[in-house]
Structures are given as C-alpha cells and as structure tokens.
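Remarks on the structure that follows.
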Amino acid sequence: MIIKLERIKLQTRKTEEAINITAQVDGVVQKSGVKNGLVNVLTTHTSSGLLVTEGLPCLEEDILTHLSRLFPEDENYHHRRYLDYDGRLGFNADAHLKSIIGGVSCAFPIENGRIVRGSRQTIYFMEYDGPLERTYLIQILGE
Amino acid sequence: MIIKLERIKLQTRKTEEAINITAQVDGVVQKSGVKNGLVNVLTTHTSSGLLVTEGLPCLEEDILTHLSRLFPEDENYHHRRYLDYDGRLGFNADAHLKSIIGGVSCAFPIENGRIVRGSRQTIYFMEYDGPLERTYLIQILGE
Amino acid sequence: MIIKLERIKLQTRKTEEAINITAQVDGVVQKSGVKNGLVNVLTTHTSSGLLVTEGLPCLEEDILTHLSRLFPEDENYHHRRYLDYDGRLGFNADAHLKSIIGGVSCAFPIENGRIVRGSRQTIYFMEYDGPLERTYLIQILGE
C-alpha cells in the first residue's frame, strides 16, 4: 500500500476567489506512483473551501455572488473577531458559513495512474476571507 | 488490498429528479468480495449531485423545491450556455449551484461484506439539469 | 492494511446543537495503531450532520441560526411525520435539509499516528432534530 501526503501552499489575492487547482492535483497523482487508489483533497482552513464544479469564469462569479446572497457580510452574526492582518475587528462568519455549505474536500478514484473524473469536473480552492497564504492537502492511497 | 471501480449509467427522465441508487450501491459492494473497507460513490457531472437522506418521496420533493427556492432558475446568473438537447441558449447555473451545496459524493464503511449505514440513510443520485444520460462511480477499497 | 470501525453513541440534549467531537476522533485515531492512512467520520442519521469549522460557541450559534434562516421550521414542507418521542405529528423536513447542505461526513489524513488538520479545524456532530440518542462512525484505514 502506498500512502502519500502533500501540503500545497497557495497565496490568494482577493477577499473572495475561486482558484482552479485541478492541474496541481493531477500532477501530484501522476507522480505519486499509485496506479489504483483514491485521492482526497482538502483545505486546512475554516474560512476557505474546496469544491468541484464546471471550470468557467462566469460560474466562478455566480458561486461567489450567490453564496454571498445566502450569507451576506453584514448580517447580524454572533461571531466577530480581531483580524491580525488589518488591525481591526473583523467579520468573517459569512466566510465560515460559505465554507460549510460549499464544502471543504473532494475525493476521486485513481485508475491506471490517473484521476477518474467527469470531463467538466474541475477542482476549486475557494477563498472566502483573503487575501491570505493558504495550505491545502492532497492525500493519495493505493497501490 | 482490493480496489474496484464501477461506472454506472443512468438515464434520467425529468429536468429535476431524485433517484434512489441504494440497492445498486449495496449490490456492487456485496459482489466486490471486499469484507472490510470503504465505498466511495460520486457523480461525474457538475449539474447533478449525490447525497444521503431519508428515502421518502415527500422529502425528495422538498429537497428539489427548496434548493430551487435558494437558487431560482430565473436569477440573473452570469453563466448561460447553449443546450444541445433543445437547440437554444439555456440557463443551468442554478443546477451547478444546487450540485455544489447539495454535494456530489458520499463514503461509507464496509464491514463483513456489507455497507454500514443508518437504517434511514438512502443514497440519491440528484438530477438538476435533465433529462440526460448520466454516469456515476462506485469505488471500493479494502480487503 | 489496518481497517478499524468504531460506533460512538452520543446523547444530544437540545432540539438543535453543535457538539465538538474532535477529541473523541483524535483519541480513536491515536489508539488505532495506524501510522499513516485516512480517517472517515460520519453520522448514521438523516436529521443530523457532521461538519468541520472553527471551534467557537458564537460560530456554533451562527450556524444553527442561519441554517434555520435558510430552512425555517414553518415552511410548507411536503414531509411531515409522527414523532414517537412527543406523541404528535411533527415536522422535521427542515432538519433533513440542514443535514444535506451542512454535510454528513468528513475525512482527514493520518500521518505519524496523528490526524492532519488545520489548527482551527474542529469536527462537529450537528443535532438538528433532538434530543435523541445518536450514533456516529469513525473509520480508520491505513498501516
């Protein structure tokens, strides 16, 4: 059994951003030496997410717009915290809620050394509270 | 270690539909020869989903109705695309958004050759943009 | 390959409640003897959930409040059922819908005998229809 774990760093540039990480995941799978198995991809942060959808800029905008429609920044949230990076009291409950309902991980089969996914399935790292340096994990299990 | 991957085809009949696939998943697990392990079930399409809930027709209706309440078809989405099957510009951003928040996969343990799940946990393939021929994956890892 | 499955019982105390189960999951991982692998945690009930977010009481309140804002108890749901524990017709479609969009499972890597997760990632069992005795599963695969 082969078990590999990669920690990938990512500098996000905006408050909210959908970053296509499909090529990185494919690359890690291909160089892992695993022929058949499973790849699990997950964020390590609670104000970011990981999700699978079609890889289109217009859809990236729709996701961010409509998650914000469901969880507006200026709702009367209980959770407010001091944000180190801008030296003021901040509000990121909306980011946590988007993370929860958009999801934080995905898992795909590996067959003959390649990830098995639908032709339109694109893997996105979702920044909901940036810009920040982020880390996501790619774990591969198989043989 | 045994690793098996099945691709299951499914013809959906409606624009939106919740299809109970629990028996198929159980069957693939039981004939896999895996005694203990994990089964991962996932859709390969970004305008469909895969989720676990109680197996009741009234609840199927509630899921479809209330996902459509959150993401109405006639919102002002950025994503519009030409739909081959009806020869016109179409709108399926709502289908992608439902797929993202309803989820696209589930994973259960296998013990003594059988899937371990709660008595009411039913596995659904969710069509949000049909009717279409769809494929979902059942992967089994174990021994 | 080591494969272990634990069933954990949990008595919830409120109609809706977010219960931090991170320490229990860590404990099961550490005593499993698995050095490298995967842990999958999942609820066995369709009116409860399992999710990962920051471990803060104010955020627990925000999650429950805002899932209820999206799926109010008094919406006109199709699904109504008799509730044994209070002897009357009940409404828990909202609980099922919260379970679906909040999610029912999480999976993390294990490395050197310890679960790998971000410093703020806290694992919650989510009760949406209590109080009830609940069971969740912790499965560990690895070596």
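The values are calculated or read from the model by the stated rules, or taken from the named source; none is laboratory data. Quantities reported herein were computed from a predicted structural model and do not represent experimental measurements. Virtual Cβ from ideal backbone geometry, glycine too; neighbours counted across all protein chains shown. All accessible areas refer to the heavy atoms of the entire protein, side chains included, with ligands and DNA or RNA removed. Shrake-Rupley method; radii C 1.70, N 1.55, O 1.52, S 1.80 Å.
Is the shape of the protein assembly as shown best called rounded, prolate or oblate, per the rule: a/c under 1.5 gives rounded, else a/b larger than b/c gives prolate, else oblate, with a ≥ b ≥ c the square roots of the Cα gyration tensor eigenvalues? Each step should come with its number before you reach the end.
On the way: a/c = 1.10, a/b = 1.10, b/c = 1.00.
Taking the square roots of the gyration eigenvalues as a ≥ b ≥ c, the protein assembly as shown is rounded.
What's the longest piece of chain A with no exposed trypsin sites (Lys or Arg not before Pro), counting a site as exposed if DSSP puts it in a loop and it has at most 14 other beta carbons within 10 Å? Before the final figure, lay out each step's value.
Details: sites that count: A:ARG13, A:LYS14, A:LYS35, A:ARG80.
Segment A:81-143 is the longest.
Mind checking which lysines have their C-alpha under 27 Å from C:LYS14, skipping anything on the same chain fewer than 8 residues away?
A:LYS98, C:LYS98
Which value, in debye to the nearest 20, describes the size of the charge dipole of chain A about its Cα centre when Lys and Arg Cβ atoms bear +1, Asp and Glu Cβ atoms bear -1, and nothing else is charged?
Values: 16 positive and 19 negative charges, 113 e Å.
Charge dipole of chain A: 540 debye, to the nearest 20.
Treating only the Cβ atoms of Lys and Arg (+1) and Asp and Glu (-1) as charged, compute the dipole magnitude of region A:92-143 about its Cα centre; round to the nearest 20 debye.
Details: 5 positive and 6 negative charges, 46 e Å.
Computed about the Cα centre, the dipole is about 220 debye.
Shape verdict for chain C, please, from the Cα gyration tensor: rounded (a/c under 1.5), prolate (a/b greater than b/c) or oblate.
Details: a/c = 2.61, a/b = 1.91, b/c = 1.37.
Cα axes put chain C in the prolate bin.
Suppose you put the label 7 Å out from Cα in the Cβ direction; list, shortest first and in nm with one decimal, how far C:LYS14 is from each other copy's label.
Computed spacing set for this position: 3.6, 3.6 nm.
With each run of n ≥ 4 DSSP H residues scored as -39500 (n - 2.57), what mean residue ellipticity at 222 nm is computed for chain A after dividing by its residue count and rounding to the nearest 500 deg cm²/dmol? Could you put the intermediate results ahead of the total?
Details: 3 runs with 34 residues, N = 143.
Rounded to the nearest 500, the figure is -7500 deg cm²/dmol.
For label points placed 7 Å from Cα toward Cβ, what is the shortest-first list of nm distances from A:GLY27 to its copies?
Copy-to-copy label distances for A:GLY27: 4.3, 4.3 nm.
Of all the accessible heavy-atom surface of chain A, with the other protein chains kept in place and a 1.4 Å probe, what percent is carbon and sulfur?
Numbers: 2590 of 5690 Å².
Within chain A, the accessible surface is 46 percent carbon and sulfur.
Return the long-range amide H neighbours of A:SER105 (sequence gap of 5 or more, or a different chain), with a cut-off of under 5 Å between placed amide H atoms.
Long-range HN contacts for A:SER105: A:LEU50.
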